[in-house]
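The values are calculated or read from the model by the stated rules, or taken from the named source; none is laboratory data. Because the structure is predicted, anything quoted here is derived from the model rather than measured. Ideal geometry is used to build each Cβ from the backbone, glycine not excepted, and the neighbour counts take in all protein chains shown. Ligands, DNA and RNA are stripped out before the accessible areas are found, and what is left, the full protein with its side chains, is counted by its heavy atoms. Shrake-Rupley method; radii C 1.70, N 1.55, O 1.52, S 1.80 Å.
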Amino acid sequence: NWTMANFIETEIKRIRQLVGPTAEVIGAVSGGVDSTVGAKLMKEAIGDRFHAIYVDNGLMRKNETVTVKKTLDEGLGINLTVVEAGDEFLGKLKGITDPEKKRKIIGNTFIHVFERVAAEIKPKDGSDIEYLLQGTLYPDVIESISFKGPSQTIKTHHNVGGLLEDMKLKLIEPLRELFKDEVRSLGKILGIPDELVWRHPFPGPGIGIRVLGEVTPSQVKIAREADYIFIEEIKAHGLYNQISQAFAALLPVKSVGVVGDQRTYEQVIALRAIETTDFMTADWFVFEAAFLKKVASRIVNEVDGVARVTYDITSKPPATVEWE
Ligand code: XMP
């Protein structure tokens, strides 16, 4: 009789056995459901011998760091280290416009920062960290088996893969047999807030691949503010759970507008919202005209640097979900 409650019990036992009575475990958390569920499971199994690390890469959504602190540290009691590394990431991204280069830089910088912080989290007895938690799900396991070789990789999905070789850590993947909906019900049982359990996925490179062209602090700010308004309106209209993923991308083109009797010449925001079951194919979400009208007017009025808002009506395929 396989239920989520006894999955938790069995998995906690398995983790305790694997890790033993003294070893320490680290894991990256992102504010998403998978890493949070994984972290909470580790916390239940080994308490403060699990160290969660959250790297603020300067490319996260608005208020994200504060929210992660509140939910994981204060709410779930997880032993959390927050690293502010925005300047480091944005420094490395200076002058870079190629999407795959951006992904590589962000992925590699993440590994550097993570390793540096992990080295500082030495267990009290001076021993080394032995294990790395990864929130790998069953579909990720399947994908890494079926997508062999760079020729078949459409985009490199950078998470923490490279960390293993560099740090000689052993891997713990408590979610590797689960599908997303199972992780969500696990999250509910573990007391993770609904908001987080039902959160849309967010790519590792974050706003870095949603600012088309060069990623500068001011460009990130525009994309972040526009995205916040879009998601806020989606939630206010009760649409969040009907949509699989939604975000704003900032296009590297300027367009003419008119505000009052002034001509403006500013950038363009593209809104994207999709429905999908597996993210391999996706349909764009059909909003009411009044909703789009409201979002467009709020973004142009409230976000400095935006003259025009468009809505992306391309399915996947041929378009991908992200713009880069
Ligand atoms: P695409 O754009 O490939 O996106 O249709 C499918 C899903 O994957 C997410 N995505 C990423 N996630 N690192 C990630 O962790 C990445 O580099 C990356 N690129 C895309 C995307 O947000 C969508 O959910």
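A few points about this structure:
- Residues that are in contact (Cβ under 8 Å) with a residue 24 or more places away in the chain and not small (Gly, Ala, Ser) were ranked within the stretch 247-258; the one that is nearest to residue 61 (Cα to Cα) is 247.
- Every residue from the stretch 260-286 that is in contact with a helix residue (DSSP H, G or I) (Cβ under 8 Å, 6 or more places away or on another chain) and either away from the ligand (no atom under 16 Å from the Cβ) or of a type in the set (Val, Ile, Thr) (or both): 267, 269
- Only residues that are over 25 Å from the mean Cα position of the chain (by Cα) and within 23 Å of residue 253 (Cα to Cα) were counted across the stretch 270-291, and they come to 0.
- Selection from the stretch 240-250 of residues that are touching a helix residue (DSSP H, G or I) at 6+ places or on another chain (Cβ under 8 Å) and not in a helix (DSSP H, G or I): 243, 246, 247, 248, 249, 250
- When the stretch 257-280 is filtered for residues that are open to solvent by 80 Å² or more (accessible area, probe 1.4 Å), β-branched (Val, Ile, Thr) and under 18 Å from residue 308 (Cβ atoms), the ones remaining, listed by number, are 258, 259.
- Per this entry, residue 208 is counted among residues that are touching a residue at least 40 places away in the same chain (Cβ under 8 Å) and either surrounded by 20 or more Cβ atoms within 10 Å (Cβ to Cβ) or in a loop (DSSP other than H, G, I, E, B) (or both).
- All positions within the stretch 189-211 that are more than 16 Å from residue 30 (Cα to Cα) and either within 16 Å of the ligand (Cβ to nearest atom) or out of contact with any helix residue (DSSP H, G or I) (no Cβ under 6 Å at 6 or more places or on another chain) (or both): 191, 194, 209, 210, 211
- Candidate set from the stretch 290-324 (those that are part of a loop (DSSP other than H, G, I, E, B) and open to solvent by 60 Å² or more (accessible area, probe 1.4 Å)); member that is nearest to residue 268 (Cα to Cα): 304
- Sole residue being more than 23 Å from residue 201 (Cβ to Cβ), without any contact (Cβ under 8 Å) to a residue 60 or more places away in the chain and not charged (D, E, K, R), chosen from 273, 282, 307: 307
- Subset tally (residues that are touching a Leu at 6+ places or on another chain (Cβ under 9 Å) and not polar (S, T, N, Q)) for the stretch 46-67: 7
- Failed item in (1) among the β-branched types (Val, Ile, Thr); (2) more than 19 Å from residue 323 (Cα to Cα); (3) at pLDDT 90 or above, with residue 145 passing the rest: (3)
- Of all the listed residues (5, 39, 45, 52), the sole one being within 26 Å of residue 102 (Cα to Cα) and not hydroxyl-bearing (Ser, Thr, Tyr) is 52.
- If the condition is being open to solvent by less than 50 Å² (accessible area, probe 1.4 Å) and touching a helix residue (DSSP H, G or I) at 6+ places or on another chain (Cβ under 9 Å), then the stretch 212-232 contributes 212, 213, 215, 216, 219, 220, 223, 226, 227, 229, 230, 231.
- Cβ-Cβ under 7 Å pairs, at least 6 apart or on other chains, the stretch 89-109 side within 13 Å of the ligand (Cβ to nearest atom), far side open to solvent by 50 Å² or more (accessible area, probe 1.4 Å) and at pLDDT 95 or above: 105/92
- The criterion of at least 3 residues that are over 29 Å from residue 321 (Cβ atoms), out of contact with any helix residue (DSSP H, G or I) (no Cβ under 7 Å at 6 or more places or on another chain) and at pLDDT 95 or above is met by none of the helices (runs of 4 or more DSSP H) wholly inside the stretch 33-118.
- Comparison of 254, 235, 180, 188 shows that the only residue that is modelled with pLDDT under 95 and open to solvent by 20 Å² or more (accessible area, probe 1.4 Å) is 180.
- On the stretch given as the stretch 212-223, residues that are more than 16 Å from the ligand (Cβ to nearest atom) and outside any loop (DSSP other than H, G, I, E, B) total 6.
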